Amino acid sequence: KSRVFSGIQPTGEPHIGNYFGAMQNYVKLGEQYGKNSIYCVVDLHAPTNPGAYDPALLAQRTLDMAVANMAVGLDPEKVIFFVQSQVPEHTQLGWLFTVITPVGELERMTQYKDKAGALESVPAGLLMYPVLQAADILLYKADTVPVGEDQVQHIELTREIARKFNQAFGETFPEPKAVLEKNALRIPGVDGQGKMSKSKGESSVLGLFEAMDSIWAKLRPAPTDPARVRRTDPGDPEKCLIGDYHKLFSDDQTLQVVYDGCRTAGIGCVDCKKMLMEGVRRELTPIQERGERLRADPDLIRDVLAQGAREAQAIAAPVMEEVRQKVGFLKV
Ligand code: AQP
């Protein structure tokens, strides 16, 4: 039977890129797959990103990321939801995968090149990130991985690692596929500087829990189609950040109005942004309210995650045992 796995890093406040690109799909697939869908706050990955990692904040950020997923509708009673470092089999399998993964393949990864390029000294863990990610997925023999487009290359590598392991040690792992949300492949940052990303900082992201006035303070000056120099110049909503965001937040009727209005110069950019703001408010307010209620009881979240870790380990331990036998470890 098919199984879903995905992880999200506790590297800071989740943003609407994480939400539309991945978290919404967790909820949707969770309803379909029940306990065969496994979601994880991947805290072991967080320290690979020195700029975004702070030991004093990691535990709180892990809790916050758990709250965020529950606030958007993930139900830990129906799915398996836990924290990666609480299931040690992830690192055990990750280590074994490092020995069958060529360094050259890892050096080709776009995310590695982007992140390493900005660092003076590159930690080996940053290079190994996709190997641990492959272990995260394959430890549960998952074949379906909901992610944003930026992760597709890593899932390809996971398939390759599964293939290599199967060839070397006998058929063990499936070759998983990425599941993408069509409308949210790669949500651009509100600063107009490429993909929205937590590590690019506040100016890039619209936070899932960000106050409405703060969101508006970023949307108001956000770049639009440069063809619209004056209010009377027509524009192309397909070349506009705000046009992209409308696809996420607005209903079909509003979308029609703002897309036609932009093309005919019937609507100005500020009015278009105000209409977007209505959609943002409608979508995010209930999530923010649920988040506030959940945050009030951190012990409950801890209990939920502890139970999730037990459920995850019940699947992971026998897989790891199978792997141990296949690679030839002594059994005592
Ligand atoms: N801009 C985006 N558009 C669509 N999907 C996105 N995702 C991230 N940004 C976008 C998807 O969110 C999931 C969780 O991401 P992550 O936190 O594990 O790592 P990430 O992809 O590295 O996210 P960030 O915000 O860019 O974090 P940093 O800056 O810390 O690396 C993934 O499925 C991702 O595809």
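The values are calculated or read from the model by the stated rules, or taken from the named source; none is laboratory data. Just so it is clear, the model here is predicted, and its values are computed rather than measured. Neighbour counts are summed over all protein chains in view; Cβ atoms, including those assigned to glycine, are modelled from backbone coordinates with ideal geometry.
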Across segment 108-125, which residue is farthest from the chain's Cα centre (by Cα) among those that are farther than 22 Å from Arg186 by Cα and part of a helix (DSSP H, G or I)? Ala124
Exactly one of (1) surrounded by 16 or more Cβ atoms within 10 Å (Cβ to Cβ); (2) in contact with a Lys or Arg (Cβ under 7 Å, 6 or more places away or on another chain); (3) modelled with pLDDT under 95 is unmet by Lys115. Its number? (2)
Could you check segment 132-149 and list, in sequence order, the residues that are more than 12 Å from the ligand (Cβ to nearest atom) and part of a loop (DSSP other than H, G, I, E, B)? Leu139, Tyr140, Lys141, Ala142, Asp143
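Would you mind finding the one in Gly51, Gly7, Gly30 that is within 9 Å of the ligand (Cβ to nearest atom) and modelled with pLDDT of 95 or more?
On the way: Gly51 fails: modelled with pLDDT of 95 or more; Gly30 fails: within 9 Å of the ligand (Cβ to nearest atom).
Residue meeting the stated conditions: Gly7.
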For segment 158-165, does any single residue satisfy the condition of being within 16 Å of the ligand (Cβ to nearest atom) and either surrounded by 14 or more Cβ atoms within 10 Å (Cβ to Cβ) or modelled with pLDDT of 95 or more (or both)? yes
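Would you please name the residue that is nearest to the chain's Cα centre (by Cα), looking only at residues in segment 155-187 that are small (Gly, Ala, Ser) and not in a strand (DSSP E or B)? Walk me through it before giving the result.
Applying the first criterion (small (Gly, Ala, Ser)) to segment 155-187 yields 162, 168, 170, 178, 184.
Still in the running and not in a strand (DSSP E or B): 162, 168, 170, 184.
Details: Ala162: 22, Ala168: 31, Gly170: 32, Ala184: 12 Å.
Only one residue tops the list, namely Ala184.
Which residue, of Ala227, Ala217, is surrounded by fewer than 19 Cβ atoms within 10 Å (Cβ to Cβ), farther than 17 Å from Gln9 by Cβ and free of Cβ contacts under 8 Å to residues at least 12 places away in the same chain? Outline the logic, then answer.
Numbers: Ala227 fails: free of Cβ contacts under 8 Å to residues at least 12 places away in the same chain.
Selected residue: Ala217, the only one of Ala227, Ala217 that is surrounded by fewer than 19 Cβ atoms within 10 Å (Cβ to Cβ), farther than 17 Å from Gln9 by Cβ and free of Cβ contacts under 8 Å to residues at least 12 places away in the same chain.
Please count how many residues of segment 72-86 are buried (at least 23 other Cβ atoms within 10 Å of the Cβ) and in a loop (DSSP other than H, G, I, E, B). Please lay out each step first, then the result.
Restricting attention to segment 72-86, the residues satisfying the condition of being buried (at least 23 other Cβ atoms within 10 Å of the Cβ) are 79-84.
Subset that is in a loop (DSSP other than H, G, I, E, B): 79.
So the count comes out to 1.
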Looking only at segment 38-88, filter to residues that are charged (D, E, K, R) and over 15 Å from the mean Cα position of the chain (by Cα); which one of those is nearest to Glu292 (Cα to Cα)? Asp75
Enumerated helices (runs of 4 or more DSSP H) restricted to segment 193-293, each holding at least 1 residues that are of a type in the set (Lys, Arg) and farther than 20 Å from Ala22 by Cβ: 212-219, 252-263
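When you go through Gly328, Gly261 one by one, which is the residue that is exposed (fewer than 12 other Cβ atoms within 10 Å of the Cβ) and small (Gly, Ala, Ser)? First the steps, then the outcome.
Values: Gly261 fails: exposed (fewer than 12 other Cβ atoms within 10 Å of the Cβ).
Step by step, each of Gly328, Gly261 is checked, and only Gly328 is exposed (fewer than 12 other Cβ atoms within 10 Å of the Cβ) and small (Gly, Ala, Ser).
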Tell me, which residue of segment 97-107 that is outside any helix (DSSP H, G or I) and out of contact with any Lys or Arg (no Cβ under 7 Å at 6 or more places or on another chain) is nearest to the ligand (Cβ to nearest atom)? Thr101
Hey, does segment 203-216 have a residue that's of a type in the set (Phe, Trp, Tyr), away from the ligand (no atom under 16 Å from the Cβ) and over 30 Å from Tyr53 (Cβ atoms)? yes
Restricting attention to segment 222-243, does a residue exist that is assigned by TED's automatic domain parsing to the domain that holds Gln24, in contact with a strand residue (DSSP E or B) (Cβ under 8 Å, 6 or more places away or on another chain) and aliphatic (A, V, I, L, M)? no
